[in-house]
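Colleague: Got a structure here, written out as structure tokens. Questions coming.
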Amino acid sequence: MNKTMAIWCTWAIVWCSFALVDGVLYEVLLNSFEAIPQELNDMLDYGTIRLTRQGKNQLGVSGSFTVLQNMGTETRVRWIIYKVDIFGKKQMFINGAGSLCEIIAKDEVVYPHLLELSNLPPQDSCPFPKGNYTIHNYVLDEQRLPPAVPASDWVVESYMSRQGKIGAGFKINFTTK
């Protein structure tokens with residue numbers, strides 16, 4: 001019995017090692033990307049910004065958008081990731097919030113790379129200045145994804161608000177398998 005268990009464990013480790021050569025043990029399938037209805041129409045114009053699947057576990061952002069007025073510490077950002085259960089009910093998995101300026105200033109993963117592929121303002125700019133911005137095919141580094149995620153449907157909701165009213169936001173539905 002112990003010998004059989006050792007053989008199966010060895011095979012499991014070998015399989016995981018081969019799977020990790022691709023970076024992660026799952027595949028991300030993008031189902032939808034949509035704007036959240038705005039309660040304030042003076043914060044952001046979505047323009048042509050799009051999220052697309054670039055390859056296995058590679059999601060890309062491209063397009064232009066317009067920030068309609070300076071956004072400082074009064075602009076709040078909130079994100080929530082939901083895991084969708086077998087009955088279609090969303091269960092909160094993780095969430096976070098902060099001021100737009102704090103989040104951009106502390107980001108070590110996305111914003112520094114975005115700066116290389118866009119005309120976004122420097123990371124220490126606060127308030128975030130109004131203007132027209134373009135992102136040229138930013139692709140999230142697969143190495144930043146967690147190595148294992150349960151197979152499921154997921155929803156990511158993120159929005160910016162001022163005085164409790166939504167000025168911009170998006171909702172992404174995706175599946176891991």
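Colleague: Need the failing condition index for Val156 against (1) modelled with pLDDT of 95 or more; (2) open to solvent by less than 40 Å² (accessible area, probe 1.4 Å), just the number.
Modeller: Unmet condition: (1).
Colleague: Continuing with this model, one more query. Consider only pairs whose beta carbons are under 7 Å apart and that are at least six residues apart or on different chains; among these, list those whose first residue lies in the stretch 147-167 and is over 23 Å from Lys90 (Cα atoms) and whose second residue is surrounded by 17 or more Cβ atoms within 10 Å (Cβ to Cβ).
Modeller: So the pair list comes out as Arg162/Met43; Arg162/Thr75; Gly167/Gln38; Gly167/Met43; Gly167/Leu44; Gly167/Met160; Gly167/Ser161.
Colleague: Quick check: is even one residue across the stretch 100-121 more than 24 Å from Val67 (Cβ to Cβ), out of contact with any helix residue (DSSP H, G or I) (no Cβ under 7 Å at 6 or more places or on another chain) and outside any loop (DSSP other than H, G, I, E, B)? I'd like the intermediate steps shown before the answer.
Modeller: From the stretch 100-121, those more than 24 Å from Val67 (Cβ to Cβ) are none; that's our starting set.
No, the stretch 100-121 has no match at all.
Colleague: Write out, first by first residue and then by second, each pair whose Cβ atoms fall under 9 Å of each other, whose residues are 6+ apart or on separate chains, and whose first residue, in the stretch 84-99, is surrounded by fewer than 10 Cβ atoms within 10 Å (Cβ to Cβ) while the second is assigned to a strand (DSSP E or B) and of a type in the set (Asp, Glu).
Modeller: So the pair list comes out as Gly88/Asp153.
Colleague: Another one. Only one of Asn132, Asn137 is surrounded by fewer than 16 Cβ atoms within 10 Å (Cβ to Cβ), touching a Gly at 6+ places or on another chain (Cβ under 6 Å) and not charged (D, E, K, R). Can you tell me which? Write out each step before concluding.
Modeller: On the way: Asn132 fails: touching a Gly at 6+ places or on another chain (Cβ under 6 Å).
Result of the check over Asn132, Asn137: Asn137.
The values are calculated or read from the model by the stated rules, or taken from the named source; none is laboratory data. If you're wondering where the values come from, they're calculated on a predicted model, not measured in any experiment. Cβ coordinates were reconstructed from backbone atoms using ideal geometry, including for glycine residues, and neighbour counts include every protein chain displayed. We work out accessible area using only protein heavy atoms, side chains counted, and drop any ligands, DNA or RNA first. Shrake-Rupley method; radii C 1.70, N 1.55, O 1.52, S 1.80 Å.
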